[in-house]
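Peer 1: One structure is given below, represented as C-alpha cells, and several questions about it will come after.
Every number here is computed from the coordinates shown, using simple stated rules; none is lab data. From a predicted model like this one, the values you see are computed outputs, not experimental measurements. Backbone-built Cβ (ideal geometry, glycine too); neighbour counts: all protein chains shown.
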Amino acid sequence: MDVNLLDTVEYGGCSAKIPPAKLEEILASLPLPSDPNIIVDIDTHDDAGVYRINDDLALVLTTDFFPPVCSDPYEFGQIAAANSLSDIYAMGAVPLLALNIVMFPQADIPMEAYAEILKGGFDKATEAGTRIIGGHTIDDAPPKYGLAVVGTVSPSRVITNAGAVPGDRLILTKPVGTGIILAGQRLQMTEEANVQAALDSMKQLNRAGAEVMQQFDIRGATDITGFGLGGHALKMAKAGNVTINIEMEKVPLLPDVYRLADEGCLPGASFRNLEYATGSMDAEGLDDYNLRMIAFDAQTSGGLLISVAPEKAEEVLTQLIEKGYPRSAIIGNVTARGKTYLNLL
C-alpha cells in the first residue's frame with residue numbers, strides 16, 4: 001500500500017484547531033447547562049466534562065480528532081487515539097469506553113489505509129485498557145480520525161485545570177516541539193530520526209502520569225496540545241485565577257527543535273497562539289525570541305502540565321521519570337494573581 005497521508009493535508013494534528021481567541025469568543029456566547037451533578041463543564045475550558053453519577057462515581061467525557069500528522073496510516077491512528085485519551089488522563093480518570101470518529105475520502109485513498117488507521121487506534125486503546133465499541137464514518141477530505149471517550153473517576157478525586165494554587169511547582173512530563181518538528185519535516189529541514197522522536201513522544205500515553213497524579217493527590221493539571229505550552233498554561237492560570245511563571249530554559253525540547261526555530265521554521269499556529277496570549281502575558285523577562293515562540297508551538301498528544309505542592313515536587317518528579325517520562329522537569333511555579341496570568345522567564 002503506497003500511501004502518504006501527509007500529501008492530503010496542509011495543517012495536521014492539533015495545529016488544525018480553531019485559534020484559541022476565536023474559540024474562546026464562541027464559547028463565551030454559549031449557554032451553560034444547569035445541573036448540580038455537573039462537576040466540570042466548558043466554563044473553565046477544561047480538558048473534559050465531568051458528570052457525577054453518585055458519591056463514588058463520576059463520568060468523564062471528551063472527544064478529539066484531527067487530520068494526519070504523519071505519513072503512515074497505522075501510526076496516525078495510534079497518535080490520534082493517544083491524543084484523545086489524554087484528556088481523560090489529564091482529569092485523573094481512567095478511560096473505559098470509546099467510539100471512533102472518522103472522516104475518510106474513500107475515492108481518493110485506498111480503503112486499506114482506512115483499516116490501518118482504525119487498527120492503530122484499536123491497538124493504542126487496547127494498550128490503555130479501553131474498549132472501542134463503535135463509531136461513525138463520513139466520506140470527507142482530508143482524512144481525520146479520533147475518539148469520543150468515556151472515563152471514570154471518583155467525584156472527590158477529579159483533577160482540573162483550575163486546581164493550581166500559589167506556591168505550587170509546575171512539572172512538565174514530555175518535551176515540546178512536535179509542531180516545529182513536523183513543519184521541519186514538510187520543509188525537509190530535519191532528519192528522519194528527529195521526526196521519529198517526535199512521533200514516538202506523541203504515541204506515548206499519559207496513563208502513568210495520571211496514576212502518579214492520583215498517587216500524590218494532585219488536584220491541578222492539564223495536557224499540552226494545540227494551544228501550546230504557553231496557551232494551556234494561560235488557560236490554567238485563568239481557570240484558577242493565579243499567575244503561572246514558566247522558566248523556558250528549563251522546558252525540555254525535542255531534538256533539533258531549537259535549531260529549527262532559530263532558522264525560522266515556525267508554524268502558523270505558533271503565531272496564533274501567541275496572539276491569543278498577548279495582553280494576558282508578560283515575556284519581558286525572556287530575551288530569547290526562539291524560546292518565546294517554542295512556548296506557543298502547537299503540540300499534538302503532548303505531556304501533562306502538573307501543579308504540585310512544593311514539598312511533593314521532587315518526589316513526584318522522581319516517580320514520573322521512573323514511570324517512563326525521562327524528560328520530565330520542574331519548569332516553573334504558581335504565585336498569587338499579579339498583573340498578568342502568565343510570565344515567561
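Peer 1: Based on the Cα coordinates of the chain, what is the per residue volume of their convex hull in Å³?
Peer 2: 129 Å³
Peer 1: Calculate the dipole size of segment 169-344 relative to its Cα centre from +1 charges on Lys and Arg beta carbons and -1 charges on Asp and Glu beta carbons; express the result in debye to the nearest 20.
Peer 2: So the magnitude is around 600 debye.
Peer 1: Continuing with the same structure: Rounded to whole Hz and in sequence order, give me ³J(HN,Hα) for segment 329-345 from the Karplus expression 6.51 cos²θ - 1.76 cosθ + 1.60, θ = phi - 60°, writing x for Gly and Pro.
Peer 2: Rounded to whole hertz, the list is 8, 7, 10, x, 8, 10, 10, 4, 3, x, 5, 10, 7, 9, 10, 9, 10.
Peer 1: Further, regarding this structure: Calculate one ³J(HN,Hα) per residue across segment 14-23 by plugging θ = phi - 60° into the Karplus curve 6.51 cos²θ - 1.76 cosθ + 1.60, and present them in order as whole Hz with x for glycine and proline.
Peer 2: Taking θ as phi minus 60°, the curve returns 6, 5, 7, 5, 4, x, x, 5, 5, 5 Hz for segment 14-23.
Peer 1: Report the local net charge at SER270: Lys and Arg +1, Asp and Glu -1, summed over other residues whose C-beta lies under 13 Å from its C-beta.
Peer 2: Local net charge: +1.
Peer 1: Okay, moving on. For segment 161-318, what's the radius of gyration and Dmax over Cα atoms, in angstrom?
Peer 2: In order Rg, Dmax, the Cα atoms of segment 161-318 give 15.3, 45 Å.
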